[in-house]
């Protein structure tokens, strides 16, 4: 197999764009992820992006907010917050949601200028986000285009964690069919009594997500989550066999 | 778009004592903090083991501090809620924690490195002062301000700067004076020309001998047909009552109501600089306690007096809005209640015929202390002079009993509920002649039994309310004399006042009722106000003070060197704060159409209020331990 790969790379069509040094370092950092490392020893980046729409093929990022966690505590002094100038005009519907106006983003930098700084901020941290798959789809699309590859940071989804936590709380099998349950970030924050942040500002949402992550990580399994492996395995213990 | 998260900074800015730091220090301190989460039941500190490297500032949730006794039971030390600091004391002292700490709710907290915290204590005076735990005046006044702002939303139509305005500020002109030899007609001309209702009359020494008002001209000159050429000195009232220019207008109002006059000469550094009139005060006010007072004063029918009595609470609200403290309000209510009592008893005398002997209506309890709130139970008694002829004794007794019953009946209809313990002038036990009262006090002071002491405390708060006041004053003086020299009795009283101590106050926790209708509510009266009143009473009696107002008693105890300067000022402030909290609480209930009570839900209090109340309870504990030492009582 290796021989074939080498062979293919020799052909001009398959020759890959050289990987950006930042991404090379990023990839190197996660070649080996020690799943038995205590979470308290890990660094995390909790991130959120504001988008012009939900379709990664057509929509764009208009702002990125992120904050670091160290020792399972929020480092509010280590934040990342940038507006992004989209390539296409800002649709009105999105402005109504995140309140970022076309004139605001006009003065902002292109994603190409911002992304390297953000990858540096991500560093060797584990990524946390609420419905993080969506944010990562947009970020990876941009990374491929600008830096020539995807981010290797493992991701944790607070939405998924909230589902697991809710399943832990279920006492009756029929509760899982409760359709009124919301997993929206602000609804979860209200339900768990977390300190609140205004919604739909990337940095504020990242902070809200960070509070949610801290809450869930320490509440799941009655506080029994110590390592990354514990966290990954918590998701498997669904009581689906009722 | 903002590039920073200011959650920690914003929180600290709203939290004592960090809110008192410089903006720069605040921002720097905030940057050093990390935000952490502790689920309920997380052990934060272990006594004697944990040497904290960080202090915790609680953002949300609650932490309990406790000790474990030999049997493994928990002794609660304190509850700390949002804004409170955990581990501050051991950080300042160094070494391991001296209490266990555990979260009792899911809690988010800011972790601040000890080094940063210590630097704040060192460089920020407000922080140092706060953690040295003094019941600081600045915090108290801020708590008062907050109470007022938050609890009593301003009403636009009432703007009564009674408390904010100094008497001197109301003066619009220099006083107009005349020589004592001036003819009445000339004086009246001066008044007409100047458009004023009063003139001051000079004395030969250059001072002020008296005052002549419109009323004097009407009553003493026109109505009597006095010769207009007589000198004005003949109709003046002198010496003139004065008030210092620095007093607030509320005091001027009280003085006018008390002496039933409408003019006060204003004095500044010994000189008369002007005249303040009741009209000046009316202008300052919208809805006026003075007008109500006047209405009560001239009323001649019981039915209309009942209606006027209902208006008393209405004039109180504007006073509170203006910044009146509970002490002010208590005195205002007392003045109005006395005017009402005066009318009722006068009308009753008209109805029953003149009293067969001199008597005095005695006010007891909170009314005597001038600390009553909106609806206080009646506590009163009656003393009369024993007739010279023993044959008249039963007739006299009958009259005063009928009188007492009639008065109580009218007072009930005025909205003063009867005393559940029947401590009223309608009860033959408390409607006695001088000798019987004297015997009664001899007995309770010299033969104290616990049960009696309990019932007797109310009799040590006495004030003559109506009638032949010398009788009441004489009795009061006798009571104070008896009590002050009877060590055994005072010790009983002291022990009783310690028994009333809220058990957990000792630990400075926030004590709430554990069961019943008012579960989880704080009983401000029995846990806060009454213990202060009781402690002040025993200290006041010890000092031989005749005053029965709690603040006056504390002052008397202070002059008698029973109380240190600091404890005296702290106790006075703490008592006022508690009274104020209760007053505002009752006002809110009444405005919501509910009956006023003494039960406050701690959840309704702001962090600052909670903290200041807690400090007030700490002062109470200090006051009580002083009582214990003073009377050599066991803990």
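Packing, as the average of other Cβ atoms within 10 Å across residues, places the peptides B:408-419, A:103-114 in the order B:408-419, A:103-114, highest first. Tell me whether the range B:227-272 comes out rounded, prolate or oblate; compute the Cα gyration tensor, take square roots of the eigenvalues as a ≥ b ≥ c, and use a/c under 1.5 as the rounded threshold. The shape class here is oblate.
In units of the rule-of-thumb radius 2.2 N^0.38 Å, the protein assembly as shown shows an alpha carbon radius of gyration of 1.31. To the nearest ten degrees, helix B:530-542 and the longest principal axis of the Cα atoms of chain B are 60 degrees apart.
Counting, for every residue in B:36-44, the Cβ atoms of other protein chains within 10 Å of its Cβ and taking the mean gives 4.
Here the alpha carbons of the range B:342-436 define both size measures, Rg and Dmax, at 13.4, 44 Å. Need one number: nm distance between label points at residue B:271 and residue A:187, each 7 Å from Cα along Cα→Cβ, rounded to one decimal. Simple spin-label model gives 7.7 nm for this pair. The long axis of helix B:302-321 is offset from the longest Cα principal axis of chain B by roughly 40 degrees. As I understand it, the value is the acute angle between the Cα axis of helix B:607-630 and the longest principal axis of the Cα atoms of chain B; what does it come to in degrees, rounded to 10? Approximately 80 degrees, to the nearest ten.
Comparing Cα centroids, the range B:85-128 and the range B:202-231 end up 72 angstrom apart. Cα convex hull, the range B:7-132: 92 Å³ per residue, rounded to a whole number. Binning the alpha carbon pair distances of chain B at 20 angstrom intervals from zero yields the distribution 16, 42, 31, 10, 1, expressed in whole percent.
Sequence-distant contacts, meaning Cα pairs under 8 Å at least 6 residues apart, place the relative contact order of the range B:7-132 at 35 percent. Shape class for the range A:19-234: oblate, because the ratio a/c of the largest to smallest gyration tensor axis (alpha-carbon atoms, square roots of eigenvalues) is 1.5 or more and b/c is at least a/b.
For the listed peptides B:296-309, A:30-43, B:46-59, a ranking on the average number of other beta carbons within 10 Å per residue, highest first, reads B:46-59, B:296-309, A:30-43. In chain B, helices alone account for a calculated mean residue ellipticity at 222 nm of -14500 deg cm²/dmol, with every DSSP H run of four or more residues adding -39,500 (n - 2.57). Please say if the range A:100-167 is rounded, prolate or oblate, where rounded means a/c under 1.5 for a ≥ b ≥ c the square roots of the C-alpha gyration tensor eigenvalues, and otherwise the choice is prolate for a/b larger than b/c and oblate otherwise? Cα axes put the range A:100-167 in the oblate bin.
Taken residue by residue and averaged, Cβ atoms of other chains lying within 10 Å of the Cβ of A:75-84 number 4. Peptide A:66-74 is shielded by partner chain Cβ atoms: per residue, an average of 4 of them sit within 10 Å of its Cβ. Computed from the C-alpha gyration tensor, the three semi-axes of the ellipsoid equivalent to the range B:240-357 are 29, 18, 12 Å, from longest to shortest.
Taking 7 Å steps out from each Cα toward its Cβ at residue B:435 and residue B:389 produces label points 1.7 nm apart. Under 18 Å from a point placed 7 Å out from the Cα of residue B:68 along the Cα-to-Cβ direction: which residues of the range B:90-128 have their backbone N that close? Backbone N within reach: B:96-104. Peptides B:273-282, B:534-543 ranked from most to least packed, by the mean per-residue count of other Cβ atoms within 10 Å: B:534-543, B:273-282.
In this rough spin-label picture, where each label sits 7 Å from Cα along the Cβ direction, the residue A:113-residue B:218 distance is 8.5 nm. To the nearest Å, what is the center-to-center distance of the range B:592-624 and the range B:1-48, using C-alpha atoms only? The distance from the Cα centre of the range B:592-624 to that of the range B:1-48 comes to 26 Å. The spacing between the range B:522-559 and the range B:390-414, judged by their C-alpha centroids, is 32 Å. Tell me, Kirkwood radius of the range B:195-283 from alpha-carbon pair distances, in Å? Result for the range B:195-283, one decimal place: 13.8 Å.
Every number in this text was worked out from the coordinates using simple rules, so none of it is lab data. Here the structure is a predicted model, which means the values were calculated and not measured. Cβ atoms come from the backbone with ideal geometry, glycine included; neighbour counts cover every protein chain shown.
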